[in-house]
Every structure is written in C-alpha cells, then in structure tokens.
Amino acid sequence: MGHTSLDKIIALQRNPANIRNLCILAHVDHGKTTLADCLVASNGIISTRLAGKLRYLDSREDEQIRGITMKSSAISLHYRNDQDYLLNLIDSPGHIDFSSEVSTAVRLCDGAIIVVDAVEGVCPQTQAVLRQAWLENIRPVLVINKIDRLILELKLTSQEAYSHLQKILEQVNAVTGTLFTSKVMEERAEKEKKEEEVEEEEKESKILSGDQVYDWSAGLEEADDSQLYFSPDQGNVVFASAIDGWGFRPACRTRPLADFGFAIKSFHIQAVEQVKGKKQLFVQLVLDNIWSLYDAVVTRRDKEKVEKVIASLGVKVLARDSRHSDPKVLLSAICSQWLPLAQAVLSMVCEKLPSPIDMTAERVEKLMSVGPRRFDSLPEQTQELKRAFLQCSSGENDPLIIFVSKMFAVDTKTLPQNRPLTQEEIAQRRELARQRHADRMAADQTAAESRSQEGQPGLTLKDSQPEEEDQQTFVAFARVYSGVAKKGRRVFVLGPKYDPAQGLSMMPEGSSAWDRVPAVPHLSICSMDSLYLLMGRELEELDEVPVGNVLGIRGLEECVLKSATLSTSPACPPFIPLNFEATPILRVAIEPKHPSEMPKLVRGMRLLNQADPCAEVLIQETGEHVLVTAGEVHLQRCLDDLRKRFAKIEISASKPIIPFRETVVRPPKVDMVNEDLGKQHKVAIIHQVKEEASQGRPSDTLHVDHSGLVTLTTPNRLATVSVRAIPLPQEVTCLLESSTELIRTLEQVNMSLREGKSLDISPRTLEAIAGLKAQLESLLQGRKWRNAVEHIWAFGPRRYGPNILLNLVEGYQRPSLWQCLGRGDQSGEAGAQAAGMRDLDNSIVSGFQLATLSGPMCEEPLMGVCFSVERWDIQSAALPQHQDSLKEDSISHGALTDSRVEGSSETWTAGLCQARRRPQAASADCYGPVSGQLIAAMKEACRHAFQAQPQRLMAAIYTCEIMATAEVLGRVYGVLGKREGRVLHEEMKEGTDMFIIKAVLPVAESFGFADEIRKRTSGLASPQLVFSHWEVISSDPCWVPTTEEEYLHFGEKADSANQALKYMNAVRRRKGLYVEEKIVEHAEKQRTLGKNK
Amino acid sequence: MSIFTPTNQIRLTNVAVVRMKKGGKRFEIACYKNKVMNWRAGAEKDLDEVLQTSSVFVNVSKGQVAKKDDLTKCFGTDDLTEICKQILAKGELQVSDKERQSQLETMFRDIATIVAEKCVNPETKRPYTVNLIEQAMKDIHYSVKANKSTKQQALEVIRQLKESMEIQRAHMRLRLVLPAKEAKRLKEKLKTLLQVVESEDFDEELEMVCLVDPGCFREIDELIRCETKGRGTLEVLSLKDVEEGDEKF
C-alpha cells in the first residue's frame, strides 16, 4: 500500500463510521512501538524492512537511546479492507513513570490494543493499563506478541506453546474479570447506600424493609460479562511477532486459514506422527506451521526446504534477502508476506473496536459528569449535548466539543507553516504568485513592481519566521467529540471547575455574543490558530477537522495549562479530569548552575509544567524551586527537557530541604530503658559537665531555677524578664496551625484598634474569632492553664504561628488579644507603671517572635510552645516620669493609641535621662536603646527557657497510601520499616486482590522512597505521598545516658544511632552552625609522615 | 635525606603543640593534631585522645620536660593532668589543617546562610536557597577570613554578589508616624532613605508605611528621633518583606 495522501485522509475524516481511534497499551518492553512500526509501515510511511527497528514514533532522542517510549504520540493511518478506514493510532509509553501519558492517550480513544509479551505474560503495567482502559470505558483487543521468543529462546514445542498461550489468555481475562467484579461490587455498594438513604428519608420503611432481601450473588450474575473477555473465538486476539512482522487472528477464517490449508498440504511434515491423544486443531493448523517455518529458516537453515516453503506459500522473496547472512531477514521477508501483521491487527481493529459513532451513552455520561454530580442533575441544555455526542454529526450547527488531554511542545521551526518548502510547493506558489502578480498588473499598472513583491512566497516566508529562532510552540493533543473544528474558530475554554449551570445563567441568550462575555468563573475564550493532523513527529496543517478525529491545535497555550474542554456551547460541562495511575511524588530541588540564570530557569519550568501532564512545579517559601515527578525516569526526562529545550541552561537537581520544627515536651517519667526516673539518682557526670559548659557563661545576668523559670536582665541592668516554656497540648497546636488565617485577621484588627481606628469587622469573622477563643478555652483546661486564654499576649512566629506568649505578669494589664470581641468592657485605665511598660510591650513581643522563628536546636521555627512571662520589672530609670503623659492618656480618644505614641517618645527621653546620669555614654546607653535591649533579652530568655525543658525535634510526616498485591505485601512493609514508617492500617480492596496500606512516613526519609518501593516490589506497589502533619520525634537529640540503668544499657558514650540527633546535626551542618562532632575520631590513627621518614 | 636516626629515639609525629607562658616560664604540652579545638568545644571528652603524653615540657620538639619545681611554682600544683587541662584551656595553639579547614567551611556555610536569610530575589521577592548562594560565592571566588565575624563578611558578600546576580537585601516594612509640623521637612530628608512608600496618610499626623533597606534603619531611627524630639514614632511591621507560602505554577 503506497503512501496515503493528505487529501485522502481529509476525505476519510469526514466519515466517522469508518474512523477508529485507538491506542496501544502494554507493559514496558512488550513491543508497543514495534507493533506501531509495523502498522506505520503498512501505510508506506516507513519501509517494511525497517519496521520494528526504526521505532518511528519514538521521536525524541532519549527515547531512541534508552529504547523506551516516553510520550504518547499519534499518527493517522489509512486501512483498506472492503471499505476505507481511517485509524488514529496513539502509541503510549509502558514505563510506570509515564502512566500519565497513557491516561492522556486513553481518554482520546474508543478502543485499545493491549499488547502482552508471550514470554513474560501479564505484568504490573499490563494490569494498570487494563484498569485504565476499563475506567475510561474503552474496548480493548489483545495482541500476544513475541511468539518468536517461545520458539527460539524458550524452545517450546508447539504443544507447550499452546498451553502457555492459553495460560496468558487466562491471566489477562482474570485481570479483566477482577475489574469487572470490583465494578459490580462498587455499583452494588452505591446502590445499597442510596437505597438506605431513601429508606431513611421515607419513614414508611416497614414496607420496604420487608422486600429488602439482599441477594448477594445477584450483582455478579445480572451483569453481563460475555463481551468482556478475550478469546480467539471472538476474534479479538491476535498472535504475533512484531519484530518478524507476522501475526494472525485465528477467528478470521478468510485468508490466513486458507493459506494454512495450503501450507498443511505442502509442508506439513511431523504433525501426524506425534498423535498422542488428540492434538488441538489450533496447534495442528496454526502453530505447527509456524514452528516448522522457524525450524527451517532460522534453526536449521535448510536451504531446500526454505525454497519449497517459499514456493508453496506463493511468496516472492528477493534474492538479496535469501542470501542475507542473518536468517531473520529472510524469515521476516517470508512472514511479512505470508501472515502480514498489519493486516491481521488492522482488520481486527476495524471489526472489533467501536467507531466514534458507537460511543455508548454510558461513557458519554461518565465523561460529562464531574465529581459527585450525577448526569441527571446537569442543566437541560447540557443533557441535550449528549445527543450531539451520540449522533456524532459534523454539521455546521452542531455544537463543537473538543477535549484537550495534554499540551506538547514542538519546535516552532518544525511547524508546517515554518518548514522549508519542498520543490513542488515552491513551484506551485511561484505559479500562484505570478498569477496574482499578473492580475494586479492588470488592475493597477502604476504601482506594480514594489507591491507585487509582497505577494511572493519567499518574502512572506521570511516574514512569518519569528525572530526567536528556537522558540517552543505548544500544540494541544485533542479530539473532537462533536461538531467541526475549524481553523480560527473561537471557542470557550472550560476549566475543570466550570459549572455549566452557572455559566448558562450568566451567559446572554444565544452564543453569538462572543465579544462581551461576562466574567464567568473558570471560563475563557480562545481561538484555535491552526489545526494539525498528527503524523508522528510531523504535523500536517488542516483547515477543519470533523467529529471523531484526533488533532493538534495551536494557539491555546495562554488558556490551557495541561488539559481542558473546549466547546462552542457554554452548556457543555467540563469532562471529568484525567485519571492518573501514578501521582507525582518524587521531589527534587532544582537550581541553575549559575545563579544569574534564575529567570531562565523559572521560564523553563513554567513551560515544562505546561508540557508535561504529570510534572508539578512549585516555588517554596524557602525559595527552592521544586520539581515533582512520577519517578526516576520521568525526572531524568524532565531534567533533559529543561536543559535542552525549555530553559537551555545548566541545572542541578538535589534533595530538597527538609523542614523541621522544634518543641518542648513534658519531662519524661521514665528513662530510656523504661525505668522509673524518680527512684534513681542521676549518675550523669558527662551531662553535668556539658550543662555547665553551655550555661555557665552569662552567669551574672542569667538565672535559671530548677523549675525551668529563666530570669534574664538586660545588659544595662534596668529591665528583667522571667520566662518559662511550657509545652502546649497537641490539640491546641493543631487548632492554631489550622486557624492561621483567622489569627492573622485578628492581629490586623487588634493593630487597627490599638491605633484607635475602628475597623468594621464582619460579624462572621467576629463569630469565627469567638469560636476560636471558645475552642482554645475548652482545650486549655486544668489548673496550669487557668485563665490562660484571657492572658494570651501574642502568637508567633510572624504573629500567627502555633506558639503562644502568655502574660502572667502580676499587675500588668494590657489590652486583651480578644478585645475586638467585647469592645465595651475593656479597661482603658491602667496604672502609670503599666502604661510605661506598655510602651515596651512591642519589644517583648518582638523578642518572642524572634525566638519562635528560630529555635536553639537548629534554628528551625518553634511549634507548640507556650512562653509565659511571669515577671517583668523595669527600673524607674528606664521608665521616666510618666506623669505628664498620663493626662493626655486619659483625655485622648482611644487611650491606647496615644499612650503608645507617647510611650515610645518616653523611651527616648529615658535614654536621655540615662545619658545625663552617665556622661561617659555618648548619646544613649552604650548598649543601644532600651527597646532593642529588651528585644534581645526577651529572645535570649525564651531560648534559655526553651533549653531548660526537655527539647524535641518535630518532623514533617507524609501519609502514604500504597496499593499493593498480596504477594509483595511483605516487601512493602520492609521498605516502610527501613525508612521509619509506621503502618496505620491495611485493608483489602473488595473484589480484587489488591491491598490498600495506609502508613505514615517522615518527609526526611521519603527521598527515593517511591523508587525503592517500586524496585523492591517490581512495580506491583504504587505509593502516594501527601503531607499530613508534624510529629514529635520521640528521641531526645541532646540525650546522654544519665541513670545507672542507661549506662548499663547504652554505655558511657551512648553512640547508638539517635535519629533526632542525626536530623539535627544534618540541619546544623547545612546551615553552618556548630556541630558537636569530632573532626578526627581516633587521634592515634592519623598519620603524618615526617619528611625524613 | 635522613642522615642518622638512632633507633631508640622516639619521634613524635602527628604532634600539635599547645604553649602557655605562666610565671615568666614557657610550658608546652604535646597533643594530637586536630583534637585540641574539639576538646575546647567540649566535643572530645577523653583527655587521652588529646594528649600524646601527660608530661609537661619546656620544649616539645627538643623533648625537654619541665622541672617539677617550676610547675609547682607556676601552677600551684604538681598534678600533671590538672596542669595539662589548664594549658589546654588557656594556652595558645597551632590550628591543624583539618581544624582550619572545617572552621573555614563552617564559616563559609554560615555566611551563605546569613546572606540567604537576609536577601531576596528582587523580581520574585523570594529568598534564594543557601546552596545557590554558596555556588554564587564560589563563582565570585570569595575567600573567608577567619578573623572577621560572619555577619560582617555576609554584608560584604551581598555587596559583591550584587554585581553578578539579581540580589537585594530583603526590605523592612516600617510604619512612620510624624507630627504634622515636621512632616514636610522630614519627608524630604527621608525620601532618599525610603525605597518604596506603600501608603501615605496625612490627616493630623503623617502616617507612612514604607519599605526600607535594613542598612538604613539606624539612620532613619536617628533622624526621626532627633528631628521630631521624640514625637515621631517608628514601628517595625515586619523584618523581612518576602512572599509567603508556596506558589504553584
């Protein structure tokens, strides 16, 4: 079959009944692309000789080098049986990292070719793709590939091969069966749930409950599954060897079998001899022939017999092939004529797979009903669209519906309009131009020369080439589900959250009003600049694409990020989002080699994000650029893309920074060997030495009492604060963590109140604040926390974090944090002393904020710590005569504003007072302003108070959901255990043999987790990681053995691995902080050889 | 080119000498290399891992041991271990290669951390990572000075980095309240110091929220304090003006 011209394809596109959209799915290395090659070769696009070696659809360089497909790519093929068919074939990758690409391919198709390796059988990805095909409701057909390996590698006899193939078929059908039963189960469960709901609603449940006899077997029996399974009788199985270019379909009784009959007569040699019992007809008729052919051509290389076979098959083999030293060449030359693979597969596809017209109503409903909404609940106009779907007509007035499943980047240079023209085209254009030129000459004789030049193709061509030579253009990979896509037509782009009901209500009647569309959420308008026919790596420009075809669209990059639904009707609902088998979980931080190239990297990452359906890109608060990919191979591809296409700079990827939090806990009751601490006396010599070393320094200003109350005096000895650190209950921490937004607004409200402005707060926020207060009160109970909520001074760090500053200073009253709740009853009156102190209020808060922002352990933020200020003295020198300001204080409006303003002024005068007293200090105190000193003192006090309590690190924890089959369950547990994970629960998914394991895993241990688990379970378990919470690491990072028991158990050095210490030191080392570590472990062992030795 | 080595001579390789002058006499002890700093920091707790021998010398390289009388006279004790501890704690020492290396490395990291904390990318208002800053510091061939504080050096690094990449100290957000009388005059003076004025509200007093370079804080503080005689106020709203939260593309 020769090369099909573009016109022919365009003509074929108009007949949806003869279109087949299909994709090739399989486990990695089962021969998808080779099969695709054979099909492509049948259309004369590549030579049949090269089929299987070229891997035409693997157009990327790294795909060719690595030998795996990494993206889905489409090609349109023409097949002629009794009718002309147009096949839009999509090849997909098999590697698990790229399963997102499979999702994008499957969505656009109506059918799928599942390829299974005859030797390896059903593999993890085979199951995955079958599941995907199932979820998308597309019909699969089966190709069992690599039969040649059974002959040549495993050296099976035909009889053995037969039973082997049967087993594979059974395996595949078993997977399909599981999918089917699980679906039936699910439906059943749903139905029952609904029935129960109905029951509850209707109070007359007596009548109903009588009828509710649950028939457990009914679900499965009712559902019809006969169409589901693969069986040679049904003609949906092809046995093939794509590399040798042959394949046959047993059920197809037309040509192959006739040939077989012929073959049997001519060179059927051994079959009769081995009649041992009854040999299956299949073996006899089919396999034996192939076996003997292989035997003759490859194994024994029997020239004569080969000649005989060739003659009897009526196949023409070129002399060059028969003389070739590699017998495979001869073999494929014979086979590809005898049992052409493309013929077998394509005929099966055309017969068995549905055309766009045959799309089931069920699938349409599934596509169109997003989320929990049922199809029936969609607006009427939307439901009408379903008809358009099913009719599949490409009339002018039919609504256009297109689904874009991914965006892919192509070099702008390779787009058809920018491609260098072929000789013919140039000639054609020249002719055109000449004609136009002539016309114009006739019309306008005066201004001929200069203007006519413009019509010339050479010039326009130059103009059209954009300045940016190596720009990337995004082309949308899409399919028309209804109507005709026309070049330049404007369409609505519907985001995944778009609600047709809302859209319709906001849209003026009639969709003609393109220009003044109201701002409907998740809806934008875009025009399709060009339409392309996808031909593997090439694109052919088209003017219009009728319904049922796969196409490429340019001009959507502004509106479409990764996938979208396009429609001319606002009533169209967005399609359900793509169902990804693998979610991105491998996180790496990306940095440019040269810091100055940051902007390029950011641009590149944006492009990458758009081009890859599965990659996620984000900038973290720490300034890290994080790339999240599905796995190691996917990561490599993304990095390659960034380096070579999108950013074009040197980049490096590294482990991302792992955040920690610091906290304090209640003093433990038992020691590390679970002995009661109270009874034992401490032996701790080492411990004491260390403590002295660390705390002995600022002895005169710092005082720590045994209960953990830290008293610190500022360097000028004028102010003293006493602070105690108390662990907050976990629920409180969680509550604070979850209500940061609220606290932030509360803080703003307070700030404006302090200034005397009355900010109008909506009653809802007030309510929320009151709710927060009530919750805190209910959580903070007990003697220790009496009235604590009323006394909250501030939150931190950054004024809204999960730490609390508590005001327990006697006689110091400050406006409550909750003042916005009850504005009337706040006391504006305060003592002179307190008013003065209130000026420095801010310093204390600042000190607290600084202390909570970076803790003493490894400068990470604190979490769940309450600092209570129990004493705060300021000597009168720091608080000067305040009386004069007192009056103003009481006069002025909000009392608070003024006192604050005045207060700070007093601070400065305070400084001046001191200056007078101490002439040696130049302008103020030699230690700087009081406020500054107080900040530093407060910060130090907090840090010491923190250190006086048992400190702990908190690690970020992922929840991890793993789907795994029963046989790899043990391995999953192994990997989890090795990485400090804990399994929360495990349950079996109903109707399948899959287990769902829920576990928690520290973020610090998650790097490479996905990869390891996949490797260890050979891909049968796929984890998903989601950040869930912070968890205290139970071991003390500063722990040393102190009791006798501990000495006995751990020894003096206690050098058994301490997880918390390990984390802490890693962070400290990263930050360049001091790490208590010996530079050299054993002094004796270092050797410095002298010069003369 | 060894000439003659008596076989009974004990050669002290791998020695770091710690010296101390006390009572007009010089005392030395022989320590292992790369250990003295660890001892001083408290990381090494085993004295035997630090000292080659517990005898106190007058000259280590010549092997002259200090006289007992001198020791008692100067240290008030003849307990050698005690004396060694004293010398270890207070004597001057040779910093060994690995000690020096790790010290410089730590300082380098520390400087990079400080720079990363203080600076942002002016385009995105997001901080740079420490790794990137380290890379940039290597690119400009910054060499750490062991005797200058890391903070000082960090400021120096920021200045140098500005030439090669987009970097800027994160601005402080300040709120200034100036009394109406001086407001106009002061504003002129402040203008040069303020980077961005975010809001300006002039009724009874002039109230401004603005972003300033942290380096100018002192200056502004001084200016307001002196010019308004303590009636203007200055409040730090945030120390670092950076984007918060993660951003997804």
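The values are calculated or read from the model by the stated rules, or taken from the named source; none is laboratory data. Given the structure is predicted, the values throughout are model-derived calculations rather than measurements. Here the Cβ is made from the backbone with ideal geometry for all residues, glycine too, and neighbour counts use every protein chain on show. Quick note on the areas: whole protein, heavy atoms, side chains included, nothing else; ligands and nucleic acids left out. Shrake-Rupley method; radii C 1.70, N 1.55, O 1.52, S 1.80 Å.
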Just to be sure, is A:A647 open to solvent by 40 Å² or more (accessible area, probe 1.4 Å) and either within 14 Å of chain B (Cβ to nearest Cβ) or of a type outside the set (A, V, I, L, M, F, W, C) (or both)? no
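For region A:130-141, enumerate the residues that are assigned to a helix (DSSP H, G or I) and either in contact with a Ser or Thr (Cβ under 8 Å, 6 or more places away or on another chain) or open to solvent by 20 Å² or more (accessible area, probe 1.4 Å) (or both).
Matches in region A:130-141: A:L130, A:R131, A:Q132, A:W134, A:L135.
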List the number of the failed condition for B:T233; all other conditions in (1) within 13 Å of chain A (Cβ to nearest Cβ); (2) modelled with pLDDT of 75 or more hold. (2)
Complete set of residues in region B:195-249 that are in contact (Cβ under 8 Å) with a residue 24 or more places away in the chain, part of a strand (DSSP E or B) and hydroxyl-bearing (S, T, Y): B:T233, B:S238
Does A:C638 fit the bill of being buried (at least 23 other Cβ atoms within 10 Å of the Cβ), touching a Leu at 6+ places or on another chain (Cβ under 7 Å), within 14 Å of chain B (Cβ to nearest Cβ) and more than 27 Å from B:L161 (Cβ to Cβ)? yes
Only one of (1) open to solvent by less than 80 Å² (accessible area, probe 1.4 Å); (2) in contact with a helix residue (DSSP H, G or I) (Cβ under 9 Å, 6 or more places away or on another chain) fails for B:K229. Which number is that? (1)
Can you find even one residue in region A:72-88 that is without any contact (Cβ under 8 Å) to a residue 40 or more places away in the chain, surrounded by fewer than 24 Cβ atoms within 10 Å (Cβ to Cβ) and in a helix (DSSP H, G or I)? no
Out of B:I87, B:I111, I need the residue that is buried (at least 16 other Cβ atoms within 10 Å of the Cβ), within 24 Å of B:E243 (Cα to Cα) and either over 21 Å from the mean Cα position of the chain (by Cα) or at the interface with chain A (Cβ under 8 Å from one of its Cβ atoms) (or both). Which one? B:I111
Restricting attention to region A:37-51, which residues are assigned to a loop (DSSP other than H, G, I, E, B) and under 37 Å from the mean Cα position of the chain (by Cα)? A:I45, A:I46, A:A51
For region A:826-843: of the residues being away from chain B (no Cβ under 14 Å) and open to solvent by less than 30 Å² (accessible area, probe 1.4 Å), which is modelled with the highest pLDDT? A:M837
Scan region A:660-678 and give yes if some residue there is out of contact with any Pro (no Cβ under 8 Å at 6 or more places or on another chain) and modelled with pLDDT of 85 or more, otherwise no. yes
Matching residues in region A:1070-1085 - criterion: being within 7 Å of chain B (Cβ to nearest Cβ) and open to solvent by less than 30 Å² (accessible area, probe 1.4 Å): A:K1071, A:G1072, A:V1080, A:A1083
How many residues does region B:155-177 contain that are within 12 Å of chain A (Cβ to nearest Cβ), open to solvent by 10 Å² or more (accessible area, probe 1.4 Å) and part of a helix (DSSP H, G or I)? 3
Residues that are of a type outside the set (A, V, I, L, M), open to solvent by less than 30 Å² (accessible area, probe 1.4 Å) and touching an Asp or Glu at 6+ places or on another chain (Cβ under 7 Å): does region A:114-128 have at least one? no
From (1) crowded, with 17+ Cβ neighbours inside 10 Å; (2) at pLDDT below 75, pick out the condition that doesn't hold for A:Y294. (2)
Of the residues in region A:591-605, those that are facing another protein chain (nearest Cβ under 10 Å) and touching a residue at least 12 places away in the same chain (Cβ under 8 Å) come to A:E591, A:P592, A:K593, A:H594, A:E597, A:V602, A:M605
Criterion violated by B:L71 - all others in (1) open to solvent by 20 Å² or more (accessible area, probe 1.4 Å); (2) in a helix (DSSP H, G or I); (3) away from every other protein chain (no Cβ under 12 Å) satisfied: (1)
Of the residues in region A:972-983, how many are assigned to a loop (DSSP other than H, G, I, E, B) and open to solvent by 70 Å² or more (accessible area, probe 1.4 Å)? 1
Under 7 Å between Cβ atoms, at least 6 apart or on separate chains: pull out the pairs that start in region B:22-44 with a residue that is more than 10 Å from chain A (Cβ to nearest Cβ) and open to solvent by less than 70 Å² (accessible area, probe 1.4 Å) and end on any residue that is of a type in the set (K, R) and not in a strand (DSSP E or B). B:G23/B:K73
Boolean, B:E134 is out of contact with any strand residue (DSSP E or B) (no Cβ under 6 Å at 6 or more places or on another chain), open to solvent by less than 30 Å² (accessible area, probe 1.4 Å) and of a type outside the set (K, R): yes
Between A:Q849, A:Q775, A:Q813, which is open to solvent by 10 Å² or more (accessible area, probe 1.4 Å) and at pLDDT below 85? A:Q813
Considering only residues that are open to solvent by 40 Å² or more (accessible area, probe 1.4 Å) and hydroxyl-bearing (S, T, Y), which ones fall in region A:394-408? A:S394
Out of A:E902, A:E967, A:E906, A:E986, sole residue that is of a type outside the set (G, A, S), surrounded by 15 or more Cβ atoms within 10 Å (Cβ to Cβ) and modelled with pLDDT of 70 or more: A:E986
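Residue-wise test of (1) at pLDDT below 90; (2) closer than 30 Å to A:Q620 by Cα.
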{"site": "B:L88", "(1), (2)": "no, no"}
{"site": "B:S96", "(1), (2)": "yes, no"}
{"site": "B:V115", "(1), (2)": "no, yes"}
{"site": "B:E123", "(1), (2)": "yes, yes"}
{"site": "B:T129", "(1), (2)": "yes, yes"}
Inspect region B:133-144 for any residue being farther than 27 Å from A:S654 by Cα and more than 11 Å from every other protein chain (Cβ to nearest Cβ) and give the result as yes or no. no
Only one of (1) open to solvent by less than 50 Å² (accessible area, probe 1.4 Å); (2) modelled with pLDDT under 85 does not apply to A:W1030, and that is (2)
Any residue that is open to solvent by 30 Å² or more (accessible area, probe 1.4 Å), within 14 Å of chain B (Cβ to nearest Cβ) and modelled with pLDDT of 55 or more - is there at least one of those in region A:867-886? no
